[in-house]
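Q: Sharing a structure below in structure tokens format, with a few things to ask.
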Amino acid sequence: MVEGGGAMKTASERREQAVAMAEVEMQIRGLMIDPLTNMPVVVLKDVASDLVLPIWVGIFEANAIQEELEKIARPRPMTHDLLRNLARGLNAVVQKVVVSELRDDTYLAVIWMEQEGEMVAIDARPSDAIALALRWDCPVYVSRTVLENAKQVAEGPQNASGEEMRRWLENLNDDDMGRYKM
């Protein structure tokens, strides 16, 4: 198979390209409190566009994310610090995290770790995966399928306020994010 540059791609390179096309790299735009529900929300933003994905999380997970965003050091390791230390102690490296599925209005995630040359996938809640990704300084991805399904849910006829929330999140600036700081 010849690609744009004229170089032949191996099956492994084609698989990697397919995976890359199936996942969208996101950045953690911020953490805020949903003004309607008073629940913490992690806002992920596509690095290549204005597309955002809000993920509602628990207060303890939000706190773990916020502390790492602000680089707050604790005298003893908290849970996500322990997980990082455990992985390091086992000579594993967290390569990336992927919000991989939306099932029954619940996001699912996978932590991808490499140990001794082998990739290992670990099921996780997105909030835990994001908290760990921050500690490893590794990329966060969202499956394109999840983004499409989340968009359809927000735009569905039963959820007019979901579309308003999506537009509001897409138009947030840095000052807005600070107003809802944890």
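Q: With Cβ to Cβ distances under 12 Å as the rule, what net charge do the other residues near residue 58 carry (K, R +1; D, E -1)?
A: Taking every Cβ under 12 Å from that of residue 58, the sum is -1.
Q: While we're here: Would any residue of the range 24-66 have its amide N under 18 Å from a label point 7 Å out along Cα→Cβ of residue 145? List them or say none.
A: Within reach of a label on residue 145: 24-25.
Q: Between residue 39 and residue 106, what length comes free when the chain is fully extended (0.36 nm per residue of separation minus the Cα-Cα distance, one decimal in nm)?
A: Here the segment from residue 39 to residue 106 would lengthen by 22.6 nm.
Q: Would you please give the residues with an amide H less than 5 Å from that of residue 44, counting only those at least 5 places away or on a separate chain, with H modeled from the backbone geometry?
A: 29, 53, 55
No lab work stands behind these numbers, since they all come straight from the coordinates. Computed from a predicted model, the values in this text were never measured in an experiment. All Cβ positions, glycine included, derive from the backbone under ideal geometry; neighbour counts span all protein chains shown.
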